Amino acid sequence: MIQIPPDGTGASRSGGEATVREPPHDGALLEQVRERATAPTIYDVARLAGVSIASVSRVLNGQRNPRPETRDRVLAAVTELGFAPDGAARALSARLKEVVGVVVRRPSRLDTDEDMFADDEQGLQYVDLINRGIEVAAQRLGYDLLIRSVDVNEHRPGERIRSLAGKSDGLILHDQVLDPALLARLASQVPVVTLAGVPTAATANVHGDNQGGMLALAEHLLHDHAYRSLAYLGGYAESPDNIERHQVLQAAVAQVPGATLVSGPDWQGYYFASGGAKVIRRQLASGHPLPEAILCANDQTAIGVMAELREHGIDVPGQVAVTGFDDLPMARHLRISLTTVRQPIRDLGTAGFELVFAMINGRRPASRDVVLPTTLVCRESCGCGTGETVRRER
């Protein structure tokens with residue numbers, strides 16, 4: 001989870017849980033403001049009080065009955081700074097809607113079959129965990145959410161997203177839902193944070209450490225288990241997460257003499273359990289031998305792979321090792337517990353909201369590419385036996 005600097009949201013972290021900071025007595029900030037030639041601003045008040053600019057505006061304008069503790073914090077900061085609100089400060093509350101839009105990618109009928117499209121609820125567990133992180137942060141900071149799903153292959157999805165932007169102070173985009181040109185135009189309208197996307201000069205991005213996590217997994221399979229034939233069962237072909245995980249795995253395999261990797265369109269499951277199962281059915285029907293280890297782009301795909309292998313009497317991990325990525329809660333409770341790469345899924349959403357909130361309030365992100373840590377979790381499906389071992393990157 002990221003930590004917004006002192007001029008951020010006023011949130012702090014303790015034991016992984018979000019807490020609201022007590023009204024700060026920031027001597028350095030007070031000194032900095034007093035040394036400036038210009039008068040203190042509404043942004044200074046928000047920073048010192050540890051609340052949003054919208055909250056400051058509500059207190060100053062007597063709108064929407066702010067909570068007593070919020071009112072006390074704001075008035076104390078106003079007094080300490082000697083702040084005198086001007087017309088711009090009074091107008092700010094009218095401009096802020098206190099709403100953030102969240103855009104979720106749904107499966108497309110153009111890149112999946114009907115069975116997989118009908119099974120799209122399988123993929124909601126990961127999305128829901130991220131959205132829960134967004135929701136918790138939004139509630140803490142006094143914001144509401146508007147959630148919209150889009151099919152990236154539908155007719156003009158950018159128009160639907162721009163429509164959502166008109167109703168929001170900022171946007172959080174799951175996965176790759178817009179091309180770079182449309183994303184740049186959208187970012188000129190409202191602050192935009194992508195999740196598992198690519199940072200740009202105008203947007204910020206939050207993602208897990210794909211490189212460290214996949215490298216740790218690849219080295220574990222190649223060196224600890226000495227597997228030499230591997231397959232990568234990918235997600236959406238254009239997904240930045242999918243691309244990075246695939247590239248890291250390719251590079252790791254290339255460093256080991258005799259090791260081979262199969263991947264590509266015949267090994268694409270679109271992040272769905274039904275997609276992973278379909279790939280295995282096709283491979284078995286074709287008569288092609290299965291590799292020693294199948295590394296899936298996410299846990300959902302791995303779950304489908306293991307179910308299909310079991311259906312055909314193929315032992316996991318005795319005949320084929322299977323791994324995932326994410327560490328969904330169910331991964332440890334499967335009949336054969338799943339070896340995977342753990343990333344802090346809810347924290348991805350929380351960090352994404354904190355970033356867009358800071359941008360809405362006029363603050364430049366300390367980094368436009370926020371990377372949250374991942375860890376390798378070794379369980380039964382790779383051949384490690386019962387129990388669970390958490391391994392840091394090498």
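Name every residue in region 369-383 that is in contact with a helix residue (DSSP H, G or I) (Cβ under 9 Å, 6 or more places away or on another chain) and either in a helix (DSSP H, G or I) or modelled with pLDDT under 95 (or both), in order of residue number.
SER381, CYS382 - these are the residues of region 369-383 that are in contact with a helix residue (DSSP H, G or I) (Cβ under 9 Å, 6 or more places away or on another chain) and either in a helix (DSSP H, G or I) or modelled with pLDDT under 95 (or both).
Tell me which residues, restricted to region 217-245, are among the hydrophobic types (A, V, I, L, M, F, W, C) and either surrounded by 23 or more Cβ atoms within 10 Å (Cβ to Cβ) or farther than 26 Å from ASP175 by Cβ (or both). First the steps, then the outcome.
Step one: filter region 217-245 for residues among the hydrophobic types (A, V, I, L, M, F, W, C), giving 217-218, 221-222, 226, 230-231, 233, 237, 243.
LEU217, ALA218, LEU221, LEU222, ALA226, LEU230, ALA231, LEU233, listed by residue number.
Would you be able to tell me the number of residues in region 176-190 that are among the β-branched types (Val, Ile, Thr) and under 18 Å from ASP241 (Cα atoms)? Talk me through it step by step, then tell me what you get.
Start the filter on region 176-190 by keeping residues that are among the β-branched types (Val, Ile, Thr), which leaves 177, 190.
So of that shortlist, the ones also under 18 Å from ASP241 (Cα atoms) come out as 177.
Within region 176-190, residues that are among the β-branched types (Val, Ile, Thr) and under 18 Å from ASP241 (Cα atoms) number 1.
Being modelled with pLDDT under 95, over 20 Å from the mean Cα position of the chain (by Cα) and in a loop (DSSP other than H, G, I, E, B), is that true of even one residue in region 189-201?
Taking every residue of region 189-201 in turn, at least one turns out to be modelled with pLDDT under 95, over 20 Å from the mean Cα position of the chain (by Cα) and in a loop (DSSP other than H, G, I, E, B).
Which number in (1) surrounded by fewer than 22 Cβ atoms within 10 Å (Cβ to Cβ); (2) outside any helix (DSSP H, G or I) marks the one condition that GLU308 misses?
(2)
Go through region 172-220 residue by residue and tally those that are among the hydrophobic types (A, V, I, L, M, F, W, C), in contact with a Gly (Cβ under 7 Å, 6 or more places away or on another chain) and more than 21 Å from TYR143 (Cα to Cα).
Residues flagged as among the hydrophobic types (A, V, I, L, M, F, W, C), in contact with a Gly (Cβ under 7 Å, 6 or more places away or on another chain) and more than 21 Å from TYR143 (Cα to Cα) within region 172-220 amount to 2.
Would you pick out the residues in region 314-354 that are assigned to a helix (DSSP H, G or I) and surrounded by 19 or more Cβ atoms within 10 Å (Cβ to Cβ)?
Matches in region 314-354: ALA331, ILE345, ARG346, ASP347, LEU348, GLY349, THR350, ALA351, GLY352, PHE353, GLU354.
Which one of these is at pLDDT 95 or above and surrounded by 21 or more Cβ atoms within 10 Å (Cβ to Cβ): THR260, THR301? Walk me through it before giving the result.
On the way: THR260 fails: surrounded by 21 or more Cβ atoms within 10 Å (Cβ to Cβ).
Result: THR301 is the single residue among THR260, THR301 that is at pLDDT 95 or above and surrounded by 21 or more Cβ atoms within 10 Å (Cβ to Cβ).
What's the number of the only condition in (1) under 27 Å from ALA273 (Cα atoms); (2) assigned to a strand (DSSP E or B); (3) of a type outside the set (Phe, Trp, Tyr) that LEU171 fails to meet?
The one condition LEU171 does not meet is (1).
The values are calculated or read from the model by the stated rules, or taken from the named source; none is laboratory data. Everything quoted here is computed from the prediction, not taken from an experiment. Cβ sites come from the backbone with ideal geometry, for glycine too, and all protein chains shown count toward neighbours.
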